[in-house]
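The values are calculated or read from the model by the stated rules, or taken from the named source; none is laboratory data. Please read all numbers here as calculations on a predicted model, not as lab measurements. Cβ atoms come from the backbone with ideal geometry, glycine included; neighbour counts cover every protein chain shown. Calculation scope for accessible area: heavy atoms of the full protein, side chains included, ligands and nucleic acids excluded. Shrake-Rupley method; radii C 1.70, N 1.55, O 1.52, S 1.80 Å.
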Amino acid sequence: MTAIRRQDRAGYLFLLPWFGGMLFMIVPFFASLYLAFTDYDLLTAPTWAGLDNFRRMFDDAKLHQSLKVTITYTVVSVPLSLIVALAVAMVLDRGVRGLAIYRSVYYLPSLLAGSVAIVMLWRYIFGYNGIVNDFLAWFGIQGPGWASDPRYALSTLILLHVWTFGSPMVIFLAGLRQIPAMYYEAASMDGASGWRQFRSITLPLLSPIIFFNLVQALIASFQTFTQGYVISNGTGGPGESTLFYNLYLYQKGFAEFDMGYASAMAWLLLVIIAGFTAVNFLAARFWVFYDN
Amino acid sequence: MTLTMTRETSVEPPADQPPPKRCRPRFMRHVLLSAVGVIMMYPLLWMISSSLKPSNTVFTDESLWPAVLDLGNYSRGWTALSEPFEIYLVNSLVIVVLSIVGNLLSCSLAAYAFARLRFTGRKLFFAMMLGTMMLPGHVLVVPQYVMFDRLEWLNTYYPLLVPHFLATNGFYIFLMVQFMRSLPQELDDAARIDGCGPFRTFWKVIMPLCLPAFATTAIFTFISVWNEFFGPLLYLTDPELYTVPLALRQFMDSEGQSQWGEMFAMSFLSLAPVIGFFIAGQKYLVKGIATTGLR
Amino acid sequence: MNTIGTTVGPTRRHLLTLAGLAATAATLPGCGRGFGGGDDDDGRIEINMVWWGDAQRAEFTQKSLDLFQTANPGIRVRTEYQDSSPYKDKLAARFAAGDPPDLMAMRFDSLREYADRGTLLDLAKHAGALDLTGLTEPARALGQVGPQIFGVPSGLNTISFVVDKAITDRYGVSIPDGDTWTWADLSEFAAAVTKASGGKVYGANFEPWTVANLLVFARQRGEDFFTADGRLGATAGTITAWFELTEGLRAAKAFPPAGFIDQNNGASPAQSYLAKKSIASQIIPSNNLLGYNQACGGNLVMLRIPGETARRGQSIDTPALWSIAATSKHPDETLKLLNFLINDVEAARVAGATRGVPPNRKIAEQIAPDLDADNKRATEFLTALQNEKLPPSYPYPVGASKLTNILKTISTEVEFGRLKPAAAGERFITEARKEING
């Protein structure tokens, strides 16, 4: 009994800063939850509106479009960028000379992503008269405006996202170094192939980190804002092809002075993300291995 | 798979001893890695090139080698705003360094509790921690602004710093939790047998082995805080308190004449600390168990 | 387990380094800033003035503020500026949190969002402190909502068509007479440029989704896009005609093909397709002539909007209004500052044309000789228009920003041939009516 209580006390002691942080978080959280049930235009006091905001969501075509964009983006870009990041991390982890240089270079896009300069460069590469189309012109093909054509804009954004695989890569690299090298030595002595080593040593021992990257990427991807914002100047254009959920939420809240609705949208997103995350945590029981 | 740790097993990092086998595939690998590297480098090269072009040809002169060189972007950019640029660099550095310290301390404490201690409410608190990552920040802007206004923290760095000391960023806690959970449980058991309490175990056993996670946290914190725009935009009003991203945005007005050349020059300069920090910090990324070894 | 101690070394050292760094950071000379304290309370009344723009505009603005503070030693003006898009977010957040600035630049299309919700001071009630008699009737109308006045134009502008004469000369195409040309003339002229250049340069482009352009077109057809009482006055027929016009230009190769123009390219002169020489003419706000001419090589010719012969569509507009918060703690001092900015010759002279032509006509005439060539040309262009009888421009009604988004989406659908102009007109009116009163 006392042992348990001592464990409790230690746990709470370690969490002390975090409890303090929660005080900071809880006030705005509950404020936004309250606002979700009000009609709030930012400039005059909110008025209670019950479930109105949530009801309006059913026939808001733009909201449905933004969910479609966000889910498409998430489903495609999350696995893609994680696979690329893991593959590159594996290559870089295994005896490449100049590792530090490659690692830094491959991380550069993540340092730059979201900066104004990159967005301009991006247009210049994927524009109607951009580098990609110049390249295609050699083969007599007139390519579309990859960023200005609603059919291609989202794919172009996904490519931009995959290109910034540096962050998960860094985490994978750190995780790979947590795997005691003696396992590989033992496996090599037993004559296990590279692929077998990957399957039976790397994957299971890296699984907590893969799991982290997956959950983290999902949460971040559902909340994609900056990329969509800087690429389309906050419009979600061309058409509504890059109208991310958070971008639409921002438009509602700040451009259209409909913060009540935006708050309701935020809580809907929280529920959606929490659902996806919960599924991941349940699934993790079958493939993530901890040493306890 | 059981862990058999013998104190004699000395473990060398694989990176230090590449197997001296066939040379061709390794050469090919370098060619491939370098080719991809060029694609990754291109934006930086483009930014450097743009920083050397006069403002009105930045977008019309599309070659990587500027037709007209304009080194003056750097000197003009440094002094073009209401404060000399070093003010913004120093402001950003102060915020970044303190944020890193705050994040490392507060998040590692919380992560240790979640990863290695058993206490009532652990799962609930962990779920809450993840939950805080899931609500879009835009709807928190107004309540937070009101809160910081009440605290009389507007136009100070407190709204930007204090949250970092209070482990409000679930991302880093979660990251460290995953790293700590992947460490062998035997470590704690051995420490307990040696008579270590939770704090000593945390400080002497877990912390040293989580260096890669701390390096990752430090690097990511550096980048995200260094680039953060919206928070400083909202909470800072005096130009002498501005951070680098706020200053950079002052070079441009999306509807007017912008000092593009100057902006690119200063953007490039302000990348230097981030790149420097990454290069300095990255060697700790690989100081995991594999390198430090369990002797 | 005592050997673990050997691996602790590096960590502890690093922690110490970190702690050292933190301590250094906090004690660096001058780094006390940002940690509270140091309020320079010198007994002066402080007013907070915010606006959007870049560092150059800041320099000019600061000059007029210096003059004001010298003349009024009891008042200190604390300014802040941002790029226009973060500016409007911060402004909204500050109002929402009950901490608005005293004097602020207000977007023409958001004036009523703020005014109709009672957050702005009615300037008509303070005619004694704020003298607006120097402004023409259309200039005053820009900030007027019924009998109340919520904003004063910080400068005046209008939209205009600029043509790069260097390009037309190279391909031997003559520029039509800008005072009398029609939309058909534009099509013919632009198509000729495209043809003569072998498709290297497209003759013209302007954004179908820019409400300011559509406003002029609607007036030429006798309709107010937004009426004085804040309703949608345009008909589906006008929207359809607008898209028929732009798609007709595209079909005639006067406009570049679909997808050529990136609607999010960025609106600054240096980024424009005109500066890249991929088009020969476009619509710009008249006060941006200087910037565009610098970016394009100095050969821009300024024309009126086509189709102005039968019924006038062009109007006097403003890049930004000045407004005062209703809850300002120092309304008198703020009014004094605003009055100074509008009616003081020297203040206007040092500020130049950064916000367009000064709204006070007399002052505009007085400072005109000091302006550089391009600004002078833009000023003359506007003055000539001011002398004619033009239809007034009214503040956009609440909800107008939603219309901009609808128009943008529909424009893309039309551009890529997924929606016919006739259907686009109907769809726009249906969707717009849902957002604001028709």
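Going through the cross-link list C:Lys88/C:Lys402; C:Lys276/C:Lys408; C:Lys90/C:Lys125; C:Lys277/C:Lys420; C:Lys90/C:Lys434, which pairs have a Cα-Cα distance over 20 Å in this structure?
C:Lys276/C:Lys408; C:Lys90/C:Lys125; C:Lys277/C:Lys420; C:Lys90/C:Lys434
Stokes-Einstein at 37 °C, 0.692 mPa s, Kirkwood radius from Cα pairs: D for the protein assembly as shown in µm² s⁻¹?
107
Would you kindly calculate the mean projected area, averaged across all directions, of the convex hull enclosing the Cα atoms of chain B, in square nanometres?
Reported value for the Cα convex hull: 21.8 nm².
Run the quick spin-label model on B:Ala272 and A:Ser193: label points 7 Å from Cα toward the beta carbon, then report their separation in nm to one decimal.
Rounded to a tenth, the inter-label distance reads 5.1 nm.
Viscosity 1.306 mPa s, temperature 10 °C: what is the translational diffusion coefficient of chain C from Stokes-Einstein with a Kirkwood Rh over Cα pairs, rounded to a whole number of µm²/s?
66
Compute the separation of the alpha-carbon centres of the stretch C:98-134 and the stretch B:32-51 and state it in Å as a whole number.
Result: 49 Å between the Cα centres.
Would you mind getting the accessible area per residue of the stretch B:82-250, heavy atoms of the protein chains only, 1.4 Å probe, in Å²?
Normalised by residue count, the accessible surface of the stretch B:82-250 is 30 Å².
Mind checking the per residue accessible area of the stretch C:308-438 for me, 1.4 Å probe, whole number of Å²?
Per-residue value: 41 Å².
Have a look at the stretch C:390-406 and report residues whose accessible surface goes down by 10 Å² or more when the remaining protein chains are included, against the chain on its own, probe 1.4 Å, ligands and DNA/RNA excluded.
Residues losing area: C:Ser401, C:Lys402, C:Asn405.
How big is the equivalent ellipsoid of the stretch C:280-340 along its three axes, where each semi-axis is √(5λ) from the Cα gyration tensor, reported in whole Å from largest to smallest?
Gyration-tensor ellipsoid for the stretch C:280-340: 36, 18, 8 Å.
For chain A, what does the accessible surface come to per residue with a 1.4 Å probe? Please give it in Å².
In whole numbers, chain A has 41 Å² accessible per residue.
Mind jotting down a quarter of the surface of the convex hull over the alpha carbons of the stretch B:82-250, in square nanometres, one decimal?
11.1
Which whole-number value in Å³ per residue fits the convex hull of the alpha carbons of chain A?
In chain A, the Cα hull volume divided by residue count equals 206 Å³.
To the nearest hundred square angstrom, how large is the accessible surface buried between B and C, total for both chains, probe 1.4 angstrom?
For chain B against chain C, roughly 4900 Å² becomes buried.
So what is the relative contact order of chain C, in percent, for Cα pairs below 8 Å that sit 6 or more residues apart?
26
Accessible area of chain B with a 1.4 Å probe: how many percent of it is carbon plus sulfur?
64
Rounded if a/c is under 1.5, else prolate if a/b beats b/c, else oblate: with a ≥ b ≥ c from the C-alpha gyration tensor eigenvalues square-rooted, which is the stretch A:199-243?
prolate
To the nearest hundred square angstrom, how large is the accessible surface buried between B and A, total for both chains, probe 1.4 angstrom?
By this definition, chains B and A bury close to 8900 Å².
Give me the net charge of C:Asn339's neighbourhood, meaning all other residues with Cβ under 11 Å from the Cβ of C:Asn339; Lys, Arg count +1, Asp, Glu -1.
In short, -3.
Calculate the FRET efficiency for A:Val271 and A:Leu23 from the Cβ-Cβ distance with a Förster distance of 25 Å, rounded to the nearest 0.05.
Plugging the Cβ-Cβ distance into 1/(1 + (r/R0)^6) gives 0.60.
Check which residues have an amide H placed less than 5 Å from C:Leu120's amide H, if you skip close sequence neighbours.
Distant-sequence amide H within range of C:Leu120: C:Ala326.
Mind telling me which of A:Leu159, A:Leu247, A:Leu82 comes out most flexible in a GNM of chain A, alpha-carbon contacts under 10 Å?
A:Leu159
Pulled fully out, how much extra length does the chain show between C:Asp229 and C:Ala129, if you take 0.36 nm times their separation in residues and subtract their Cα-Cα distance?
Using 0.36 nm per residue and subtracting the Cα-Cα distance, I get 33.3 nm.
Averaging sequence separations of C-alpha pairs under 8 Å and six or more residues apart, then dividing by the length of chain B, give the relative contact order as a whole percent.
33
Can you compute the modelled spin-label distance between C:Asn72 and C:Ala310, with each label point 7 Å from Cα toward Cβ, in nm?
5.0
Considering only protein heavy atoms and a probe of 1.4 Å, how much of the accessible area of the stretch A:36-107 is carbon and sulfur, as a whole percent?
71
Multiply the residue separation of A:Phe54 and A:Leu80 by 0.36 nm, subtract the distance between their alpha-carbon atoms, and state the gained length in nm to one decimal.
6.0 nm
Have a look at the stretch A:125-158 and report residues whose accessible surface goes down by 50 Å² or more when the remaining protein chains are included, against the chain on its own, probe 1.4 Å, ligands and DNA/RNA excluded.
A:Tyr128, A:Ser148, A:Pro150
How large is ³J(HN,Hα), in whole Hz, for each residue of the stretch A:129-138 in order, when computed from phi with the Karplus curve 6.51 cos²θ - 1.76 cosθ + 1.60 and θ = phi - 60°, using x for Gly and Pro?
In residue order, the calculated couplings are 9, x, 4, 4, 6, 4, 5, 5, 4, 4 Hz.
Find how much the distance from A:Phe289 to A:Ala61 grows on full extension, using 0.36 nm per residue of separation minus their present alpha carbon separation; answer in nm with one decimal.
So the extension gain works out to 77.8 nm.
Going 7 Å from the Cα of A:Phe135 toward and past its Cβ, which residues in the stretch A:199-232 have a backbone nitrogen under 11 Å from where you end up?
none
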